[in-house]
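Here is the structure we will look at.
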Ligand code: MG
């Protein structure tokens, strides 16, 4: 199982991080040890002083595929949920500045929290039109609309599958909307997909 994450896929988030608008999808991977499931708490690691949440729509891959054409991409995932792409922002800024790989800031243990999957058929409006929201300590801090993605889900699957064979059980994080921010010990994060609570996480 692998976790593929898209970066810089919402214009307003690109602005808040002062990044450049990419010409093609930006992606990176997290290992299986990054997975955090069943609403388990997240323990802030001691190597960062700036741990950020990024709330993202996550797809579950349901069949093997390589060089998938955008028009067939939809058949390669069967369910969606929300996830937190936990990021050590201070380390990420350091890696970016030095031109180093991102893994230590993005792919550490428990950095990929995922919620309860919902079959995609349940969403008659289509996955590309889903809305989501994240509340930190009861206050909405992120709102996402999948139709604002710079690169559509079909395009993401097509692009990523040129480089990696997708397999059943892989996960695709599709990028974060604006509103990312720091977490502290004692915080509670709650994520809602079309109003339905699918993921929560206590920060320890
Ligand atoms: Mg992200």
Segment 12-71: number of residues that are exposed (fewer than 12 other Cβ atoms within 10 Å of the Cβ) and assigned to a strand (DSSP E or B)
0
Need pairs with beta-carbon distance below 6 Å; first residue within 13 Å of the ligand (Cβ to nearest atom) and within segment 162-176, second assigned to a loop (DSSP other than H, G, I, E, B); sequence gap 6+ or separate chains.
175/9; 176/54
Could you run through segment 1-11 and say how many residues are assigned to a helix (DSSP H, G or I) and modelled with pLDDT of 95 or more?
0
Would you please name the residue that is farthest from the chain's Cα centre (by Cα), looking only at residues in segment 72-94 that are within 14 Å of the ligand (Cβ to nearest atom) and buried (at least 23 other Cβ atoms within 10 Å of the Cβ)?
88
Output yes when any residue across segment 149-156 is away from the ligand (no atom under 15 Å from the Cβ) and closer than 21 Å to residue 31 by Cβ, and no when none is.
no
Out of curiosity, is residue 187 more than 22 Å from residue 9 (Cβ to Cβ), buried (at least 16 other Cβ atoms within 10 Å of the Cβ) and touching a residue at least 12 places away in the same chain (Cβ under 8 Å)?
yes
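The values are calculated or read from the model by the stated rules, or taken from the named source; none is laboratory data. This structure is a prediction, so every number in the text was calculated from the model and none was measured. Heads up, the Cβs are rebuilt from the backbone with ideal geometry, glycines too, and the neighbour counts pull from every protein chain shown.
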